[in-house]
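What follows is a short report on a single structure.
The values are calculated or read from the model by the stated rules, or taken from the named source; none is laboratory data. What you see is a predicted model; the values in this text were computed from it and never measured. When we count neighbours, we look across all protein chains shown, and the Cβ atoms used for this are built from the backbone with ideal geometry, even at glycine.
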């Protein structure tokens, strides 16, 4: 399977030392490798003020778009947590998949989950993380189909609504499943304690 190629992006504010930033970038590179992503570029941005739209400045985001295109990269990984709006705006401007630190860690957890309980917990966390970010995965459809006009609904929007309903149902089902698993585990634990007491 072909590995995704990425640029990792660190953010340094006025309170961060050079050592802290370097350590964070080393960790982000290791996390990316653990997720099966090949890191080809590394950039650290000095960020004195948070841009509400992109988190970083628009000029810096445009620079990332140029670097990503020139190097044939698949995604841009940020060493911060982006809110859904920022992730959507960055993806639209850069034209590549945007991954923040939380999304990257959840992906690693999913790959390493072994037990039924762990797999359920990770899937639930991923869906809860994805829910507010879902809109950006369908923006390309509305562009391809001419967008959504007044009194009209594009296929992307229709699919988005379907997906949101499906995810809500899945979240509810997983939450109920976790409660059952927890109950079974507690019952089993109580039985083992009772057996232990009986042995004495």
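Data for the structure
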quantity	calculated
Criterion: within 21 Å of residue 22 (Cα to Cα) and surrounded by 15 or more Cβ atoms within 10 Å (Cβ to Cβ) - qualifying residue of 76, 122	76
Qualifying residues in the stretch 132-147 (those that are at pLDDT 65 or above and surrounded by 15 or more Cβ atoms within 10 Å (Cβ to Cβ)) - the one nearest to residue 29 (Cα to Cα)	133
Among the residues listed as 128, 66, the single one being in a helix (DSSP H, G or I), modelled with pLDDT of 95 or more and exposed (fewer than 15 other Cβ atoms within 10 Å of the Cβ)	66
Count - residues of the stretch 25-47 that are in contact (Cβ under 8 Å) with a residue 12 or more places away in the chain, under 21 Å from residue 67 (Cα atoms) and either part of a helix (DSSP H, G or I) or outside the structural domain of residue 74 (by TED's automatic domain parsing) (or both)	4
